[in-house]
Amino acid sequence: MSAKTVLITGSTSGIGLAIAREFAKTGYSIAFHGLEKEGPEIAASVGKEFNVLTFYSSANLLNPSEIVTLFKESRFKLGNIDILVNNAGIQYVSAIDEFPLEKWNMLIGLNLTAAFCTTKEVWPDMKRKNWGRIINISSAHGLVASEFKSAYVASKHGLIGLTKVLALEGASYGITANALCPGYVKTPLVEKQITEQAKAHAISEETVVQKVMLEKQAIKEFVSGDSIGALAVFLASDQASMITGTAIPIDGGWVAQ
């Protein structure tokens, strides 16, 4: 696997970092991307821990020209991208009649349009090599809806639709495309939300976890980032060559209800 390279957007924290670590364990070169100020150190640390090559970029994925530069620099440092993981995303919660248009555009831009742009960057090389993997990190909200999350739900549903189109277009070129649909993962962002909701509603953080976040999951536990990473690594393997166009829930039974 050491000859293969994976680029993971939003990979300096949370789910993306967990995915990056699982790929690094398997010997992939990793192109990191994220906005954390410690991004270069995070990428270098993972590279040193697993003895793999790494690269880091803080490209603004809302800017198509910076996406082009991200891939140009990644290719220069690590070679062509064999696996693309579109993980970067943001959230904003508001009632539909109060939802700011600029927030809608930002969520659609980062959660969906950026994945379209990054895929366009890797697609020609994947076609030429007759091999490639696109792994899009959607959400349980890509399969079902929740109140006050219009832009997020729309973008994650759209990402699954994009995934299906890529699967069809890539089928004759050895390119697979799949979407992973996690439930709640205890990332730094989610931990912040737990604290904020507990204070806002004058309830305990445990109550927020059990009665708000995990209420819809049959298994009342957070999804682990490691499990998402492990599944992504499998989908990148030759053994998964016949799995394409899917939206796979990793959600503790959320969408089964």
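All of the numbers you see were taken from the coordinates with simple rules; none came from a lab. Just so it is clear, the structure is predicted and the values come from calculations on it, not from any experiment. Please note: Cβ atoms are built from the backbone with ideal geometry, for glycine as well, and neighbour counts cover all protein chains shown.
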*Report ³J(HN,Hα) in whole Hz for each residue of region 146-161, in order, from the Karplus equation J = 6.51 cos²θ - 1.76 cosθ + 1.60 where θ = phi - 60°; Gly and Pro get x.*
9, 5, 6, 10, 4, 5, 5, 5, 4, 5, 6, 4, x, 5, 5, x
_Just to be sure I follow: if Rg is taken over the C-alpha atoms of the chain and Rh is the Kirkwood radius over the same atoms, what is Rg/Rh?_
0.96
*What are the residues whose amide H is under 5 Å from the amide H of SER57, where those residues sit 5 or more places off or on another chain and H is modelled from the backbone?*
PHE32, HIS33, GLY34
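State to the nearest 20 debye the size of the charge dipole of the chain about its Cα centre, where the only charges are +1 on K and R beta carbons and -1 on D and E beta carbons.
640 debye
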*Choose one answer from ALA24, ALA95, ALA115: the residue with the largest mean-square fluctuation in a GNM of the chain with alpha-carbon springs under 10 Å.*
ALA95
*Pick out which of LEU235, LEU84, LEU35 has the largest mean-square fluctuation in a Gaussian network model of the chain, springs linking Cα atoms closer than 10 Å.*
LEU35
*Pull up all non-local amide H partners of ILE175: gap of 5 or more, or a different chain, and H-to-H distance under 5 Å with H placed in the peptide plane.*
GLY132
_Lys/Arg +1, Asp/Glu -1 at C-beta; the chain dipole; positive extreme among GLY252, LEU168, SER204_ = LEU168
*Using modelled backbone amide H atoms (1.01 Å from N, in-plane), which distant-in-sequence or interchain residues come within less than 5 Å of ILE90's amide H?*
ASN111
*Report Rg (one decimal) and Dmax (nearest whole number) for region 204-257, counting Cα atoms only, units Å.*
14.4, 46
*Bins of 10 Å from zero: percent of alpha-carbon pairs in region 112-257*: 11, 36, 32, 15, 5, 1
*Across region 215-227, in residue order, what do the Karplus-derived ³J(HN,Hα) couplings come to in whole Hz, using 6.51 cos²θ - 1.76 cosθ + 1.60 with θ = phi - 60° and x for Gly and Pro?*
4, 8, 8, 5, 8, 7, 9, 5, 6, 8, x, 4, 5
_In order through region 246-255: 3J(HN,Hα) via Karplus (6.51 cos²θ - 1.76 cosθ + 1.60), integer Hz, x for Gly, Pro_ = 9, 10, 9, x, 10, 9, x, x, 4, 7
